[in-house]
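Colleague: Supplied in structure tokens, the structure appears directly below.
The values are calculated or read from the model by the stated rules, or taken from the named source; none is laboratory data. Keep in mind it's a predicted model, so treat the numbers as computed, not measured. For neighbour counting, all protein chains shown are included, and Cβ atoms are generated from backbone atoms with ideal geometry for every residue, glycine included. When the accessible area is computed, the model is the full protein with side chains, heavy atoms only, and any ligands, DNA or RNA have been set aside. Shrake-Rupley method; radii C 1.70, N 1.55, O 1.52, S 1.80 Å.
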Amino acid sequence: MIDPRLERALGTVVDPEIRRPLVELDMIPAASLDDGTARIRLELTVAACPAADRIQADVRQAAASVAGVERVEIEVGVMSPATRQALVERLRGSRPQQFGPETLTRIIAVASGKGGVGKSTVTANLAVALAARGLAVGVIDADVHGYSIPALLGSADRPTRVGDMMMPPEAHGVRLVSIGMFVEGNRSVSWRGPMLHRTLAQFLSDVWWGDLDVLLIDMPPGTGDVAISLGQLLPHAEVLVVTTPQRAAAEVAERAGEVARQTGQRVLGVVENMAGLAQPDGSILELFGAGGGDEAARRLGVPVLARVPLSVALREGGDAGAPVVAAEPTDPAAAAIIALAEALRGTRPIAGRGLPLSPA
Ligand SMILES: Nc1ncnc2c1ncn2[C@@H]1O[C@H](COP(=O)(O)OP(=O)(O)OP(=O)(O)O)[C@@H](O)[C@H]1O
Ligand SMILES: [Mg+2]
């Protein structure tokens, strides 16, 4: 029972991971108010809840804000397995067909033919730029062999398990999961197709993403098992193809786009990365040549959506886990990715495949 005088204030406290009011999650089974003392029973979902301190502080503050409350006493415990199971069931029930064909979330896979063209860098920065524009954004690092999204977003956090669900950590306003969160240290993962498929399926079904506007998927390079699995799991996803300006890269980029198409995914357009670098004298250094983006776009019959120049700030931001779109938004590479975020926000996914990202 929650004392009616405390009800409203406590109702405002939200679990930072599940993003629902604690009261709704049965995490505050009892709260009383006697002689100026609020006594609150707080039940965490799991004993080692990383957000425990924050939740307690929020509860304390909310209770203390109520007129007539002079002291707040919080008794912290852990949910019984039965209560937790009921909660998990409820959470599952409230996310009908997460990312199924009827999803309202726009799903965009970032793919490439060749490795090292900047997929992960573009994905991480695009995610942060979209989140900074008020969208609820999730990122799946599907590059199970070369996972890099957590480092690019400066996150060493792991998901919290609640029953058989996982609450993704958040960095720079972006919810993320990566296979890197499930292996010890910096070990490499050598899994075969079926294991990869199962892991990706789990990222889609067992992670509590909440209501996302956009889910970005950082793909491994090429057209291997993961690309095929993703195509099967998310045939309604859209695909951004990243390539360098190098002409020879265009052909392999085309192949990545074609594999996506064969599974029914729609290629949105090409992102040309590592484009010319402006020199102090005003000239442009075309380290990787020119024309690769246009060539890939021509072959795929889609537009070039962004040209991201070579940028020291972009690379340094990635190394430091401080995405350049947030740390240095005027950098030309940051500006190009921010413009891409704006453009994606303004376009409507094809009919029946989701809602417009911005209010029409
Ligand atoms: N526009 C750019 N300017 C300078 N450096 C860049 C740029 N884009 C990416 N890089 C750097 O190039 C390297 C490869 O980038 P990234 O890891 O994002 O590529 P990737 O396509 O995801 O690679 P992989 O195929 O291995 O997953 C990184 O060190 C990154 O910092
Ligand atoms: Mg990568």
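Colleague: Count, please, the residues in the range 111-120 that happen to be touching a helix residue (DSSP H, G or I) at 6+ places or on another chain (Cβ under 8 Å) and near ligand 2 (Cβ under 8 Å from one of its atoms).
Modeller: From the range 111-120, those touching a helix residue (DSSP H, G or I) at 6+ places or on another chain (Cβ under 8 Å) are 111-114, 117, 120; that's our starting set.
Applying the additional criterion that residues be near ligand 2 (Cβ under 8 Å from one of its atoms) yields 120.
Matching residues across the range 111-120 total 1.
Colleague: Going by what's in this entry, would Val139 be described as assigned by TED's automatic domain parsing to the domain that holds Val325 and either of a type in the set (A, V, I, L, M) or modelled with pLDDT of 95 or more (or both)?
Modeller: Details: assigned by TED's automatic domain parsing to the domain that holds Val325: yes; either of a type in the set (A, V, I, L, M) or modelled with pLDDT of 95 or more (or both): yes.
It is true that Val139 is assigned by TED's automatic domain parsing to the domain that holds Val325 and either of a type in the set (A, V, I, L, M) or modelled with pLDDT of 95 or more (or both).
Colleague: Can you go through Pro245, Pro235 and tell me which one is assigned to a loop (DSSP other than H, G, I, E, B) and in contact with a Phe, Trp or Tyr (Cβ under 7 Å, 6 or more places away or on another chain)? Break it down into steps so the answer makes sense when it comes.
Modeller: Numbers: Pro235 fails: in contact with a Phe, Trp or Tyr (Cβ under 7 Å, 6 or more places away or on another chain).
Of Pro245, Pro235, the one residue that is assigned to a loop (DSSP other than H, G, I, E, B) and in contact with a Phe, Trp or Tyr (Cβ under 7 Å, 6 or more places away or on another chain) is Pro245.
Colleague: Right, next: Testing Val139 on (1) more than 9 Å from ligand 2 (Cβ to nearest atom); (2) surrounded by 24 or more Cβ atoms within 10 Å (Cβ to Cβ); (3) more than 12 Å from Val174 (Cα to Cα), one condition comes back false. Which one is that?
Modeller: Failed condition: (3).
Residues checked against (1) within 16 Å of ligand 2 (Cβ to nearest atom); (2) open to solvent by less than 30 Å² (accessible area, probe 1.4 Å); (3) polar (S, T, N, Q):
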| position | (1), (2), (3) |
| --- | --- |
| Ala275 | no, yes, no |
| Ala278 | no, no, no |
| Asp281 | no, no, no |
| Ala290 | no, no, no |
| Gly293 | no, yes, no |
| Arg299 | no, no, no |
| Ala306 | no, yes, no |
| Ser311 | no, yes, yes |
| Leu314 | yes, yes, no |
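Colleague: Which of the residues spanning the range 57-77 are over 11 Å from Gly36 (Cβ atoms), crowded, with 17+ Cβ neighbours inside 10 Å and either free of Cβ contacts under 8 Å to residues at least 40 places away in the same chain or not assigned by TED's automatic domain parsing to the domain that holds Val23 (or both)?
Modeller: Arg60, Ile74 - these are the residues of the range 57-77 that are over 11 Å from Gly36 (Cβ atoms), crowded, with 17+ Cβ neighbours inside 10 Å and either free of Cβ contacts under 8 Å to residues at least 40 places away in the same chain or not assigned by TED's automatic domain parsing to the domain that holds Val23 (or both).
Colleague: Out of Gln232, Gln246, report the one residue that is farther than 15 Å from Phe99 by Cα and open to solvent by 10 Å² or more (accessible area, probe 1.4 Å). Full working, then the answer.
Modeller: Details: Gln232 fails: farther than 15 Å from Phe99 by Cα.
Exactly one residue qualifies, and that residue is Gln246.
Colleague: Within the set of pairs 6+ apart or on separate chains, which have a first residue in the range 290-307 that is under 12 Å from Ala275 (Cα atoms), a second that is open to solvent by 40 Å² or more (accessible area, probe 1.4 Å) and in a loop (DSSP other than H, G, I, E, B), and C-beta atoms under 7 Å apart?
Modeller: Gly292/Gln246
Colleague: Would the range 250-260 turn up any residue that is touching a residue at least 40 places away in the same chain (Cβ under 8 Å) and not in a helix (DSSP H, G or I)?
Modeller: No, there is no match, as no residue in the range 250-260 is touching a residue at least 40 places away in the same chain (Cβ under 8 Å) and not in a helix (DSSP H, G or I).
Colleague: If you go through the range 144-162 one residue at a time, how many are buried (at least 20 other Cβ atoms within 10 Å of the Cβ), touching a residue at least 60 places away in the same chain (Cβ under 8 Å), over 13 Å from the mean Cα position of the chain (by Cα) and assigned to a loop (DSSP other than H, G, I, E, B)?
Modeller: The qualifying residues number 1.
Colleague: If you don't mind, another one. Filtering the range 214-250 down to residues that are touching a Gly at 6+ places or on another chain (Cβ under 6 Å) and more than 21 Å from Arg299 (Cα to Cα), which residue is modelled with the lowest pLDDT?
Modeller: Asp225
Colleague: A further question on this structure: Scan Val226, Val308, Val302 and give me the residue that is outside any helix (DSSP H, G or I), under 25 Å from Asp141 (Cβ atoms) and within 16 Å of ligand 1 (Cβ to nearest atom).
Modeller: Details: Val226 fails: outside any helix (DSSP H, G or I); Val302 fails: within 16 Å of ligand 1 (Cβ to nearest atom).
The match here is Val308.
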